[in-house]
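The values are calculated or read from the model by the stated rules, or taken from the named source; none is laboratory data. Predicted model, so just to flag it, every value in this text is computed and none were measured. In this analysis, Cβ positions are derived from the backbone assuming ideal geometry, glycine residues included, and neighbour counts consider all displayed protein chains. Remember, those area values only see protein heavy atoms, side chains included, never the ligands or the DNA or RNA. Shrake-Rupley method; radii C 1.70, N 1.55, O 1.52, S 1.80 Å.
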Amino acid sequence: MTVQAPRLVVDIKAVEENAARVVQKCALAGITVSGVTKGMCALPEIASALVSGGCTELADSRMKNISALRRMGTGLPLLLLRVPMLSELPLVAAEADCTLVSEPEAVRALQRECEFLVNSHEVIVMIDLGDLREGIWMGQTEEMASALALSPRIRCRGVGVNFGCYGGTLPTASKLEQLISIGTELERELGYPLETFSGGATSSLLLLEQNAVPKRINNLRIGEAILLGSDATSMRAIPWLRRDTMRLEAEIVELKRKPSVPVGPTGADAFGNIPEFRDRGERLRAIAAVGRQDVRIEGLTPENSGIIILGGSSDHMILDVEEAGGGLAVGSTVAFFPDYGAMLALATSPYVSLEVV
């Protein structure tokens, strides 16, 4: 059987093990886990691993993926993880169970769709506590509370916050206390208790490890930690999770000794960047058949510590393999571990095959 390269190989048992570890650690603090599938485009095997690992809800940011999860029939409620476009609300109302919202107009439009479908829908009101992505700014909830009060088919399930997704803001106990305070005020305005206080995503696990998560925080939306065992915002490997969940395999198409600095006048590369080179003399260099059209090259770590990633073009990745040891040849496969950004690109590239083992 011919193996198609490049390919992303997923150890599904490792993913399931990570899911179970996250769920168990969160449960000790009274926190449920919404398993986030978006990093792998709602791959059925990933969804099944999150279900088997004990997640109480599946979450994704794309309605195409939510629809795919609905067809899978996982038995878990489905959360739309991105504030919705007004144009997609008919599909949101029909196929998602809960949606993140930050605009009163979205609530009013969702109410109209639910009236048409004769159904109901839950929402989580997002609060911006400084990361400057989605959310009502620092608890200015009056207009949102009014929209919810006038939308009987829409029930506010709770409040949520994002950290580290745009501004790099890190979660703190005081910020989560602020979320609880804002949620308590929203409860007063709505006249009913909120079920969910969603305190962030993978980056909030560090607070959990430090026993610093305030008591009323009862939900986290976890993707990266389960899929990769890492936390990009804090730039750390999570010590109690597995990191060997995924690897990129790419084929060598050229192997030659060449200078380490270009010869002749130089300008910008194909992406408008001015490359810099360290003169290390003549080195054994390999070209792997995977490029920036497929992956964020800067997010890859070679499995072989003797391999250095020098850079890449849209179709090729350039490697220094001088110290990689023997055995490399044209046609050989080299492997890399992706970070979150690299995984996102690989999972969505039509030129990268996917294998679940």
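Filtering segment 1-45 to residues that are basic (K, R), part of a helix (DSSP H, G or I) and in contact with a strand residue (DSSP E or B) (Cβ under 7 Å, 6 or more places away or on another chain) leaves only K38. Cβ separations smaller than 9 Å between residues 6+ apart or across chains give the following pairs from segment 298-320 residues that are open to solvent by 60 Å² or more (accessible area, probe 1.4 Å) to residues that are modelled with pLDDT under 95: L310/S260; L310/F277. Only a single criterion out of (1) part of a loop (DSSP other than H, G, I, E, B); (2) closer than 26 Å to L28 by Cβ is not satisfied by S48, namely (1). Within the span defined as segment 78-91, every residue fails to be modelled with pLDDT of 95 or more, out of contact with any strand residue (DSSP E or B) (no Cβ under 6 Å at 6 or more places or on another chain), surrounded by 22 or more Cβ atoms within 10 Å (Cβ to Cβ) and outside any strand (DSSP E or B).
Looking across segment 24-50, the residues that are under 17 Å from the mean Cα position of the chain (by Cα), of a type in the set (A, V, I, L, M, F, W, C) and within 12 Å of I226 (Cβ to Cβ) come down to V33, V36, M40, I46, A47, A49, L50. Applying the condition of being open to solvent by 60 Å² or more (accessible area, probe 1.4 Å) and touching a strand residue (DSSP E or B) at 6+ places or on another chain (Cβ under 6 Å) to segment 260-297 and asking which residue is nearest to A342 (Cα to Cα) yields R292. Screening segment 51-74 for residues that are assigned to a helix (DSSP H, G or I) and among the aliphatic types (A, V, I, L, M) and picking the one that is nearest to G229 (Cα to Cα) gives V51.
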